[in-house]
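Below: the structure, in structure tokens.
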Amino acid sequence: MEEDSGRNVDGYVFADRENGSIAREEIQRIKYISSKINEDNPEAVLSVYNKMIESNTFFTPIGLEYLRQLQAYLYKRQEIDDDRVSDIPVLVSYVDIHNQYNNKKDIEREERMQRRRKVKTFRKEYRNSLLLNLVMALMIVVMYIIVIKSDTPNMINYENAITNKYASWEQELTERESKVRQRENELGIQ
């Protein structure tokens, strides 16, 4: 009998220590009954077997396994009619356990689906974000080119625009001045 934190008993792992303790008690009962029962007397075995069934003496897998061994022994004996051997009651609702297991599987499946949806959503959002960033970067480049090529003064080319404007005014003023001097020379005015 191997024990690991009180849950492992005779090759079975129980849900908790309390269930393991119940199984160990059943093992003690099995040993006691086996020492007292006379297997050479099938009627006595049948009587003990049926009393254990009626009183629900065993209900863990270990005890049910012992009852199953006695039942098999009684079925093999020709002196005992099979109808006299009681069926072994199973007091555990396997429907509840089955439903719990299926619910757990459904919850795990739903969690996996949510993780997949998150990954798909993340990929879709990432792709959309990347596309939007590329469009915005392209728009910034186009606006910068427009600003560079524009004749109107702005933050980027205001110094050149003002310098060019003053230079053109100076050139225009110089041209006018030279025309005025030329005209004065023609008229002889000094």
Residue list for region 54-67, restricted to those being free of Cβ contacts under 8 Å to residues at least 40 places away in the same chain, in contact with a helix residue (DSSP H, G or I) (Cβ under 7 Å, 6 or more places away or on another chain) and either outside the structural domain of Ile30 (by TED's automatic domain parsing) or not in a helix (DSSP H, G or I) (or both): Thr57, Phe58
Can you tell me which residue is farthest from Tyr12 (Cα to Cα) among those in region 63-107 that are of a type in the set (Gly, Ala, Ser) and under 43 Å from the mean Cα position of the chain (by Cα)? Ser93
Against the definition (in a helix (DSSP H, G or I), more than 30 Å from Ala44 (Cβ to Cβ) and touching a Pro at 6+ places or on another chain (Cβ under 6 Å)), how does Ala137 come out, yes or no? no
When you look at Arg24, is it modelled with pLDDT of 90 or more and more than 41 Å from the chain's Cα centre (by Cα), yes or no? no
Taking region 108-130 only, how many residues are at pLDDT 80 or above, among the hydrophobic types (A, V, I, L, M, F, W, C) and within 15 Å of the chain's Cα centre (by Cα)? 1
Ser86 - would you say it is assigned to a helix (DSSP H, G or I) and at pLDDT 85 or above? no
Applying the selection to region 92-129, what residues are exposed (fewer than 10 other Cβ atoms within 10 Å of the Cβ) and part of a helix (DSSP H, G or I)? Tyr94, Val95, Asp96
Of the listed residues (Lys51, Lys76), the one being under 24 Å from Arg24 (Cα atoms) and either of a type in the set (Gly, Ala, Ser) or without any contact (Cβ under 8 Å) to a residue 12 or more places away in the chain (or both) is Lys51
Does any residue of region 68-82 turn out to be surrounded by 10 or more Cβ atoms within 10 Å (Cβ to Cβ), outside any helix (DSSP H, G or I), assigned by TED's automatic domain parsing to the domain that holds Lys31 and polar (S, T, N, Q)? no
Which residue pairs have Cβ atoms under 6 Å apart, sit 6 or more places apart or on different chains, and have a first residue in region 30-47 that is in the same structural domain as Glu79 (by TED's automatic domain parsing) and surrounded by 10 or more Cβ atoms within 10 Å (Cβ to Cβ) and a second that is part of a helix (DSSP H, G or I) and not aliphatic (A, V, I, L, M)? Ile30/Tyr66
Exactly one of these conditions fails for Leu132: (1) surrounded by fewer than 10 Cβ atoms within 10 Å (Cβ to Cβ); (2) hydrophobic (A, V, I, L, M, F, W, C); (3) assigned to a helix (DSSP H, G or I). Give me its number. (1)
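The values are calculated or read from the model by the stated rules, or taken from the named source; none is laboratory data. Just so it is clear, the model here is predicted, and its values are computed rather than measured. Here the Cβ is made from the backbone with ideal geometry for all residues, glycine too, and neighbour counts use every protein chain on show.
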